[in-house]
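Since every read-out is calculated from the coordinates, none of them should be taken as a lab result. From a predicted model like this one, the values you see are computed outputs, not experimental measurements. Reconstructed Cβ throughout: ideal geometry from the backbone, glycine too, with neighbour counts over all protein chains shown.
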Amino acid sequence: MRSNYQLWFAMGLLCFYTFINKEIAYAGEADKDVALIYITSNQQPNEDVFALQEMLQTSTSVDVVFIEDVNERNLQQYKRIVILSSYQTKIPQNALSSINQFQGPVLLIGENALQFENFSTWHEGPTVELRAIGEESLSNPVRWKSIQPSADWEIVKSATSLNQSYPFIVTKDNWSFIGDFINKDLLLYQWPAMIGELLHLSKPQIHPAYIVLTDINMKTEVQQLEDVVMEFSEKRIPIALEITPILQDEFEKETYYLHDNKKLLSYLQKLQKEGYPFVLSSSTASQTEKNLDYLVLRKIYPTITSGDSPLFKGSIQQGSQQLYLSQIDSRTIYPVTVGTIANTDNNPLYPVKQKIKLLLKVPSSIIGIQYPAYFNASYVEELAVYLSEHPQIELLNLRQTKQQVTSKNISIKQHENGEQTIQLAFTKIERLKILFEERPVELILWAVCYIIFY
């Protein structure tokens, strides 16, 4: 009797365990949305795959999957499929069959369209040089093997060569096709919304925005900087201050230290106490730690770097096509998407406004603006008015973000409430060495005086 009881108890536990495991599995699978399937010549995801992944991740969850790994079982956990096919090849039958049977929205970009059942009545066209996609001209022509869809497909956008147009984006029911992922020029700002609509994705409305006062160094006019900071403060616009504490002037062949401008140093220390965030800028990447030591020993604690440094978990970067706030290897990247105010007498904010207008077309894109400290405060009000006209822009206070800086002698942890936990481990010898590198003549004079008088 006891043996039977133990058997039934064990079977009950097994059923319960199986049920719980199924629930956990389904819960995990319910979070999956887009399978981004790639077909590349080297069987590795390329730049376009990563760009698409980043774009889609602003709206939903995305898994990147190699075409050889696709089967009916693993596709069942997804709601949508995007296939990025960058070269002609025979698609594995198992993957082809699984995708043909998929019930959700499917978007194919690039090659191999005619192998799929929904595109089987299409025809290949000539290879042409495209000059424009829709209304957007291309800076350089792009060679493309054209496709002629059947008449029952809706043409969303056409592409044009010199004298002829070709269906380029088409859709029917749950299936859509894009001729090629040409991710450059103004198309960079068009794809996210277009692809989101084809996949029936919800469009995020909020655009985080941040403003950094740049070009702050020993040569900065203190009163002018104070006026700009005060103007932003009165408009309730959060800003960060980017400082180059040790300026290497290649033209003058001179090195300028922030402490040589005592009034400026004192003002920046005051802003540190008031809770302003600081961004460290170095003339060269190799000087980052030296610049960090310099500022910290003067009680200014930068939590973000301009450029790239392993010492910082947060960095402001420019010069790339990145449009979103992103996490890479546990680091937060804040791209400068707008750039800086133009140094012209005629409407210097015009390029800033035009760039913001483009970015507002890109769901969830970040708006990163640079305001040079050598500009006067007269442009702040115009910028503030323009930002206030777009309620989808959400100003970001970088002091209220998680940041971390770690070097041999420094640990700075910034919390979301703005508080900073600072730990320094400089020895007296290290401090003396740093001071000697910065002010050798002054320290030698002090040493001589000490010897003479004591």
Checklist entry - At Lys262 and Lys299, where each label point lies 7 Å from the Cα along Cα→Cβ, what is the point-to-point distance in nanometres? => result 1.6
Checklist entry - Classify the stretch 151-190: rounded, prolate or oblate, from the alpha-carbon gyration tensor (a ≥ b ≥ c, eigenvalue square roots; a/c under 1.5 rounded; otherwise prolate if a/b is larger than b/c)? => result oblate
Next on the checklist: Greater than 24 Å separation of Cα atoms is the criterion. Which listed pairs, Lys219/Lys353; Lys273/Lys313; Lys79/Lys402, meet it?
Outcome noted: Lys219/Lys353; Lys79/Lys402
Checklist outcome for this item: Gyration tensor on Cα atoms of the stretch 258-299, a ≥ b ≥ c root eigenvalues, a/c under 1.5 rounded, else prolate if a/b beats b/c, else oblate, says prolate
Checklist outcome for this item: The set of residues whose placed amide H lies less than 5 Å from the amide H of Leu395, leaving out same-chain residues fewer than 5 positions away, is Ala209
Item to check | Integer Hz, Karplus 6.51/-1.76/1.60 couplings in order for the stretch 111-127, x for Gly and Pro | outcome: 7, 6, 4, 5, 6, 8, 4, 5, 10, 5, 8, 7, 10, 6, x, x, 7
Checklist entry - So how much slack lies between Ile206 and Thr427, counting 0.36 nm per residue of separation and subtracting their Cα-Cα distance, in nm? => result 74.9 nm
Checklist entry - Measuring from label point to label point, each 7 Å out along Cα→Cβ, what is the Arg143 to Asp249 span in nm? => result 5.2
Checklist entry - Which of the aspartates and glutamates could a cross-linker bridge to Lys290, judged by Cα under 13 Å and excluding same-chain residues fewer than eight apart? => result Glu430, Glu437, Glu438
Checklist entry - How far, in nm, would the chain grow between Glu136 and Lys270 when pulled straight, counting 0.36 nm per residue and subtracting the alpha carbon separation? => result 43.3 nm
Item to check | Helix-only mean residue ellipticity at 222 nm for the chain, each DSSP H run of n ≥ 4 adding -39500 (n - 2.57), per residue, nearest 500 | outcome: -9500 deg cm²/dmol
Checklist entry - What's log10 of I(q)/I(0) for the stretch 259-372 at q = 0.20 Å⁻¹, Debye sum over Cα points only, no solvent? => result -1.15
Item to check | Percent RCO, i.e. relative contact order, over the chain, from Cα pairs under 8 Å lying at least 6 residues apart | outcome: 11
Next on the checklist: Please report the net charge: other residues with Cβ closer than 9 Å to the Cβ of Ser59, K and R +1, D and E -1.
Outcome noted: 0
Item to check | Hz values of 3J(HN,Hα) by residue in the stretch 334-344 - Karplus curve (6.51, -1.76, 1.60), Gly and Pro given as x | outcome: 10, x, 7, 7, 8, x, 10, 5, 5, 8, 10
Checklist entry - For the stretch 243-258, in order, what is each residue's ³J(HN,Hα) by Karplus, 6.51 cos²θ - 1.76 cosθ + 1.60 with θ = phi - 60°, in whole Hz (x at glycine and Pro)? => result 10, 9, x, 10, 9, 9, 8, 5, 5, 8, 6, 10, 10, 10, 9, 4
Checklist entry - If you take the beta carbon distance between Ser320 and Thr121 as r and set R0 to 51 Å, what does 1/(1 + (r/R0)^6) give as a FRET efficiency, to the nearest 0.05? => result 0.80
Checklist entry - Which value results when the Cα radius of gyration for the stretch 330-380 is divided by 2.2 N^0.38 Å? => result 1.28
Next on the checklist: I'm spelling it out carefully: the read-out is Rg and Dmax of the Cα atoms in Å, the candidates are (i) 24.3, 75; (ii) 28.8, 103; (iii) 24.8, 81, and one was derived from this structure. Which label?
Outcome noted: (ii)
Checklist entry - For the stretch 116-245, what is one quarter of the convex hull surface built on the Cα atoms, given in nm²? => result 13.0
Checklist entry - Is the shape of the stretch 353-404 rounded, prolate or oblate, going by the alpha carbon gyration tensor and its root eigenvalues a ≥ b ≥ c, with a/c under 1.5 for rounded and a/b larger than b/c for prolate? => result oblate
Checklist entry - Using alpha-carbon pairs under 8 Å, 6+ residues apart, how would you state the relative contact order of the stretch 296-424 in percent? => result 20
Checklist entry - Normalised by the number of residues in the stretch 263-319, what is the relative contact order in percent for Cα pairs under 8 Å and 6+ residues apart? => result 30
Item to check | Residues whose placed amide H lies under 5 Å from that of Ala240, excluding near-sequence neighbours | outcome: Ile211, Val212, Leu213
